[in-house]
Amino acid sequence: MCLNEADMFARRIRVEYEEGDGRRHPCLLKWLDSFSMRNFTNAGIFDDTLPISDGLMEIGARVPLPELKEAMEDWLHRKSYLSKQAKVLLEEISK
């Protein structure tokens, strides 16, 4: 079976973070790229992630959003891109 890029990255998501003040901000492209470049979780399930721009990613149909959120939040906190209080927010949007 052969997959093309449109099949592999079937969903588009908004990736934001929220600090303690309740305001949302897009995650920077360099953060998303850092996570996606073999995100160091060694979880192959996240191989189908493609950063597009600040706050936007395309992901494969088999990528589970709750696990992706948890892994991204952990990664961004460990890299000190986000404060300990910040939360990552993922929202599927139409492509």
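Read-outs: derived from the displayed coordinates by stated rules, not from any lab. The structure displayed is predicted, hence computed values, not measured ones. Because the Cβ atoms are built from the backbone with ideal geometry, glycine has one as well, and the counts that use them run over all protein chains shown.
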Report task. Could you work out how far apart the two model spin labels at HIS77 and ILE52 are, taking each label as a point 7 Å from the Cα in the direction of the beta carbon, and quote it in nm? Result -> 2.8 nm
**Report entry** Linear extension gain, LYS30 paired with ARG12, 0.36 nm per residue minus alpha-carbon span
**Finding:** 4.7 nm
Query raised in the report: What is the set of long-range amide H partners of LEU56 at a cut-off below 5 Å, with H atoms built 1.01 Å from backbone N?
Result: VAL15
